[in-house]
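Taking it in order: structure first as structure tokens, then the write-up.
Quick note: the coordinates plus some simple rules give every number you see, no bench work behind them. Predicted model only: the values in this text are computed from it and were never measured. No Cβ is skipped: glycine too gets one built from the backbone with ideal geometry, and neighbour counts run over all protein chains shown.
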Amino acid sequence: MPKVVIYSTAICPYCVRAKQLLTRKGVEYEELYIDGGDRKLMREMLERSQRRTVPQIFIDDYHVGGYDDLAELNAFGKLDPLLGLAPHEEPEMTQEEDDIT
Ligand SMILES: N[C@@H](CCC(=O)N[C@@H](CS)C(=O)NCC(=O)O)C(=O)O
């Protein structure tokens, strides 16, 4: 499974949403707090993402972006392949359900 890294801060509703989405998928992630007094981490996030807001999410070296970007990838079915998750298969219809449609 690829490594997921989230640059975040202690108070950050968008970070919470991003983490919830990943947790729902059973994906583990490493969270790096850029407000913990370690300026190196802040610089690292700026250099890697060219963005100043949190969260900034990386799947291995792929820069996803923020929560909106993560949610959009998910809505278009592009997130699971990036995460190495098996494609979601719709259950086959029973004959009865098929007759209705
Ligand atoms: N559209 C962005 C919004 C991110 C955002 O606004 N994050 C807030 C914290 S929850 C932030 O970094 N605010 C500081 C700023 O705007 O400079 C996303 O979905 O990640």
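Of the beta bridges in segment 4-99, as assigned by DSSP with both residues counted there, near 65 percent are antiparallel.
Taking amide H as placed 1.01 Å from N in the peptide plane, the amide H of Tyr33 sits under 5 Å from that of Ser8, each at least 5 places away or on another chain. Taking a virtual spin label 7 Å from the Cα of Glu47 along the C-beta vector, which residues in segment 20-37 bring their backbone nitrogen under 19 Å of it? 32-37, by backbone N distance to the label point. Peptide packing for 26-36, 75-85, 61-71 was compared via the average number of neighbouring C-beta atoms within 10 Å per residue; ordered from the highest value, the list is 61-71, 26-36, 75-85. Within the shell defined by Cβ-Cβ distances under 14 Å, the residues around Asp35 carry a net charge of +1, with Lys and Arg each +1 and Asp and Glu each -1. Only DSSP H runs of four or more residues enter the estimate; each adds -39500 (n - 2.57), and after division by the residues of the chain the mean residue ellipticity at 222 nm equals -12000 deg cm²/dmol. Distance between the modelled labels on His63 and Lys3, one decimal in nanometres: 1.8 nm (7 Å Cα→Cβ projection).
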